[in-house]
Amino acid sequence: MLIAILTDIHANREALTACLAHAKERNAQRFAFLGDLVGYGADPAWVVDTVMDYVGRGAFAVQGNHDVAVTQAASKHMNPQAREVVEWTRAQLNEQQLQFLDKLPLTQEHNNLLFVHATAAEPKSWEYITGTLEAVKSMHATRARITFVGHVHEPALYNLSPTGKVSSFVPTGDSSIPLGTQRRWLVLPGSVGQPRDGNPAACYALFDDTTNELVYFRVPYDYESAAAKIRAAGLPQSIGNRLEHGR
């Protein structure tokens, strides 16, 4: 089965539309959404409705820290601009949409796969996996052979050998990577709605659980329109600027 892995959509309708179309063209059979459906972007209601529809048809979805902030309370560690968007977003969503975000699980498992927003080690701590130390901690916290993680907004891939050796690299995209069954893997597909690696193109990944092959993709989309919507909504201009620069 070919699974599309999408994370950190951040209410970016244009980016999600492009990635979903791209995945369908490649015959994705199932979808996994790794959290932060909302926050930053100007189309939270449309994004939540779209993911709700996919979940109703069998997609996986987990909760991210921005989803929690909108339905409960923003963390004291969240920056002022993000907090401003959280308050605005809350007012854009109806009760059904808010309940959907509030009831999302922190993790979901399928066969030997784990889906989580931040880390398998204390998922609600919202720890960022920015290096091998955090990656190994997360891999050791689950029995799953492959862990799919969002939150970082940059694509990366870590693996742990049977002898405990850790390797990592940044994938360049569009090339098939075999995930050997003797190793543990941690996959960061990058962000659909707000990439931060200097490339404004949306990121997502496809995983074939039959062949154990993983492919990262960069999908161009109309980020200028997405940024213009952010500014038109009266949200911080710098958030729109980030879309245009991928930072």
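All of the numbers you see were taken from the coordinates with simple rules; none came from a lab. Note that the structure is predicted; figures quoted are calculated from it, not measured. When we count neighbours, we look across all protein chains shown, and the Cβ atoms used for this are built from the backbone with ideal geometry, even at glycine.
Its DSSP H runs of at least 4 residues, each contributing -39,500 (n - 2.57), put the calculated 222 nm mean residue ellipticity of the chain at -10000 deg cm²/dmol, to the nearest 500.
Taking every DSSP beta bridge with both residues inside the range 2-245, roughly what % is antiparallel (nearest 5)? All intermediate terms of the calculation are to be shown ahead of the outcome.
Working: 28 of 41 bridges.
DSSP beta bridges in the range 2-245 are roughly 70 percent antiparallel.
Note on ASP197, ASP102, ASP53, ASP43: ascending count of other Cβ atoms within 10 Å places them as ASP53, ASP102, ASP197, ASP43, the fewest first.
When a footprinting reagent is the concern and you count Cβ atoms within 10 Å, what order do VAL48, VAL86 take, fewest first? It would help to have the intermediate numbers written out before the result.
On the way: VAL48 25, VAL86 22.
Ordered from fewest to most neighbouring Cβ atoms within 10 Å, VAL48, VAL86 come out as VAL86, VAL48.
Between helix 223-232 and the chain, what is the angle of the helix's C-alpha long axis to the longest principal axis, kept within 0 to 90° and rounded to the nearest 10? So the helix axis and the longest Cα principal axis differ by about 40 degrees. Roughly what would the spin-label model give for TRP88 and GLN29, points 7 Å off Cα along C-beta, in nm? Roughly 4.1 nm, to one decimal. Taking amide H as placed 1.01 Å from N in the peptide plane, the amide H of ALA61 sits under 5 Å from that of PHE33, each at least 5 places away or on another chain.
Computed from Cα positions, the angle between helix 44-56 and the longest principal axis of the chain comes to roughly 40 degrees. Taking each residue as 0.36 nm, the span from ALA232 to ALA73 lengthens on full extension beyond its C-alpha to C-alpha distance by 54.7 nm. Each of GLN81 and VAL166 was given a label point 7 Å from its Cα along the Cα-to-Cβ line. The distance between the two points is 3.0 nm. Spin-label model, THR210/ARG143: points 7 Å from Cα along the beta carbon direction are separated by 2.7 nm.
Quick check: the angle from helix 80-92's long axis to the longest principal axis of the chain, C-alpha only, nearest 10 degrees? Tilt of helix 80-92: around 70 degrees.
Apply the Kirkwood formula to the chain: the hydrodynamic radius equals the inverse of the mean of 1/r over all pairs of different alpha-carbon atoms; give it in Å with one decimal. Can you show the working numbers first?
Working: mean 1/r = 0.0564 Å⁻¹.
Hydrodynamic radius (Kirkwood, Cα only) of the chain equals 17.7 Å.
Ordering TYR128, GLN182, THR71 by Cα displacement along the dipole of the chain toward the positive end leaves GLN182 in first place; charges were set at the Cβ atoms of Lys, Arg (+1) and Asp, Glu (-1).
If only the Cβ of Lys and Arg carry +1 and only the Cβ of Asp and Glu carry -1, the dipole of the range 2-245 around its Cα centre is close to 520 debye. By the rule of a C-alpha distance below 29 Å, with chain neighbours fewer than 8 residues away ignored, the lysines paired with LYS229 are LYS24, LYS76, LYS103.
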